1. With the requirement that a residue be in contact (Cβ under 8 Å) with a residue 40 or more places away in the chain and in contact with a Phe, Trp or Tyr (Cβ under 7 Å, 6 or more places away or on another chain), what does the range 1-51 give you?
2. For the range 26-52, which residues satisfy the criterion of being under 17 Å from Ala93 (Cα atoms) and open to solvent by less than 30 Å² (accessible area, probe 1.4 Å)?
3. Could you list, in sequence order, the residues of the range 59-75 that are more than 10 Å from the chain's Cα centre (by Cα) and open to solvent by 40 Å² or more (accessible area, probe 1.4 Å)?
4. Among the listed residues Thr13, Thr91, which satisfies the condition of being crowded, with 17+ Cβ neighbours inside 10 Å, among the polar types (S, T, N, Q) and touching a Pro at 6+ places or on another chain (Cβ under 9 Å)?
5. Out of the residues in the range 16-25 that are in a helix (DSSP H, G or I) and not aliphatic (A, V, I, L, M), state the one that is least open to solvent (accessible area, probe 1.4 Å).
6. Can you tell me which condition Phe18 does not meet? The list is (1) within 20 Å of Leu94 (Cβ to Cβ); (2) within 13 Å of the chain's Cα centre (by Cα), and all the others hold.
7. Any idea how many residues of the range 52-89 are touching a residue at least 40 places away in the same chain (Cβ under 8 Å) and either farther than 18 Å from Val20 by Cβ or among the charged types (D, E, K, R) (or both)?
8. Going by the conditions given, is Ala90 modelled with pLDDT of 95 or more and in a helix (DSSP H, G or I)?
Amino acid sequence: MSRVPTAVIAALTLVVGFAVADLTGVRPLGGVVLVAGVVWCVVRARSAGRWRVAAVVLVGAVCFALSHPLGGVIGAWPAVLVAALVLGVATFALVDRSSAQPARVG
């Protein structure tokens, strides 16, 4: 699992969390999936630095919140997919790409 980018897990957390809530009809269960995904991503990405991880968590919270009104405009699943895409891109830029770059000397 270590080869899977954190960005993929972050994006899938939104999608799977919504799917669980939608399919079971139990919204808090989807919330449990979201929280578990956030915790997993935070632990995994901690080497990127506190500020980067905090920024990703903030972007994730904003994506989650904005997906709700967006869902009224474009539909629930499309809104979740847009939010997941935005979160995935932000996570890649802030966490995955920064940890993949070699350390600078000098």
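1. Once the filter is applied, which keeps residues that are in contact (Cβ under 8 Å) with a residue 40 or more places away in the chain and in contact with a Phe, Trp or Tyr (Cβ under 7 Å, 6 or more places away or on another chain), the range 1-51 yields Pro5, Ala7, Leu14.
2. Residues satisfying the conditions are Cys41, Ala45, Ala48, Gly49.
3. Pass one, the range 59-75, residues more than 10 Å from the chain's Cα centre (by Cα): 62, 65-75.
Answer for the range 59-75, where residues must be more than 10 Å from the chain's Cα centre (by Cα) and open to solvent by 40 Å² or more (accessible area, probe 1.4 Å): Val62, Ala65, Leu66, His68, Pro69, Leu70, Gly72, Val73, Ile74.
4. Details: Thr13 fails: touching a Pro at 6+ places or on another chain (Cβ under 9 Å).
Matching residue, one of Thr13, Thr91: Thr91.
5. Step by step, filter the range 16-25, then rank; the result is Gly17.
6. Unmet condition: (1).
7. 6
8. Details: modelled with pLDDT of 95 or more: yes; in a helix (DSSP H, G or I): yes.
Yes, satisfied.
The values are calculated or read from the model by the stated rules, or taken from the named source; none is laboratory data. Fair warning: this is a prediction, and the values are worked out from it, not measured in the lab. We place every Cβ from the backbone using ideal geometry, glycine too, and count neighbours over all the protein chains shown. SASA here: full protein model, heavy atoms, side chains in, ligands and nucleic acids out. Shrake-Rupley method; radii C 1.70, N 1.55, O 1.52, S 1.80 Å.
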